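In what follows, a single structure is set out as structure tokens and then discussed.
Read-outs: derived from the displayed coordinates by stated rules, not from any lab. Treat the numbers as computed from the prediction; the structure is a model and nothing was measured. Cβ: placed from backbone, ideal geometry, glycine included. Neighbour counts: every protein chain shown.
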Amino acid sequence: MLSIRNHRLVGDGVSFRQTPNTGGTLQPRFLVLHYTAGSSAESSVESLCTRKPQGNASAHIVLGRDGRIVQLAAFNAVTWHAGVSQWDGINGLNQYAIGIEMDNAGLLHREGERFVSWFGKTYPNEEVLLAPHRFGGPVQPWHAYSEVQIARALELSELLVGHYGLQNVLGHEDIARGRKVDPGPAFPLAAVRARALGRGADTQRRLLVNASSLNIRSGPGAEFDKVAPALKRGAELLILEAQDRWCRVAVVGATDLEGWVCNDFLAPLPETRSTTRSATRSAPRVLSRTERATPVRRATTRARSPSTKTAAAKKVAGASTRGRRRPTQTTK
Ligand SMILES: [Zn+2]
């Protein structure tokens, strides 16, 4: 069990090493997840604790493949992990976000039959996921995260969202679109986000599908592609981003399914269900299937069918205009 005391993480497998690469005071509103694109957690810690003439980088946490955590700065200190970035009308997310770097070699490339990192290390097939990035591009090899690492990332996300009342759990890829691709398709970001936000969120963030079927699309408009079969009446949705007519949602209970739905066909959660929900809030739901599914999403199974569209089907047009407002509901 992890906890936070004086902006420091406490728990098994947690250590602290202060990085010199920090800015002013941070009042965290977001969590941003990264991969290190490095060869080991130790080398990444070393790098993020070093002053460099070509520019300093840091993060609050380095999460190893064995689940060990090294915290490099208190959560109320600015660290330098986001770079040029935007979200919700905000520029420069370092001023608003806690950063977690996960030890992962990142995007690999093929050399003959081998999968190789940018620094020349070869990774076995079972540590490789072949998938396109959710923002597009070809099927490529990505270094898989370990199961314990994903579980630990989820635990950290839930803890930080709950402790600091964070508004969202984002990938570097979300806030630096076109410039960064981490944490990439090997990390179940949508499920971690939905679970972390769902755990801490009040029931107003949850709505039900109030139509016999409702299309879920890649962007906020009927002109965008459907990302999955239509949702059925009563499906529970977690609001990730609300706009006037459409909102981006995660489908509760579905592994990694998110997209845009029209607000006209949503209804609030009935009071009785909300009560039940808060009583059972601690029961793990969204990610359980993802955790079990993780091993089969590796290259050993994927490599034989590179045309698999799983990740592409989940492609979601991320939006930059995130609103705080509740979706307006017109009765039709
Ligand atoms: Zn990053």
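Residue separation times 0.36 nm, minus the C-alpha to C-alpha distance between residue 56 and residue 84: what's the value?
Working it through step by step, the gained length comes to 8.7 nm.
Along the Cα→Cβ direction, 7 angstrom out, place labels at residue 245 and residue 43. What is the inter-label distance in nm?
5.1
Within segment 111-211, report the GluC sites (Glu not before Pro) that DSSP leaves as loop and that have at most 10 other Cβ atoms within 10 Å.
113
Please list 260-268, 225-233, 89-97 highest first by mean number of surrounding beta-carbon atoms within 10 Å per residue.
260-268, 89-97, 225-233
Given contacts defined as C-alpha pairs under 8 Å and at least six residues apart, what's the relative contact order of segment 48-188, whole-number percent?
Reported as a whole number, the value is 20 percent.
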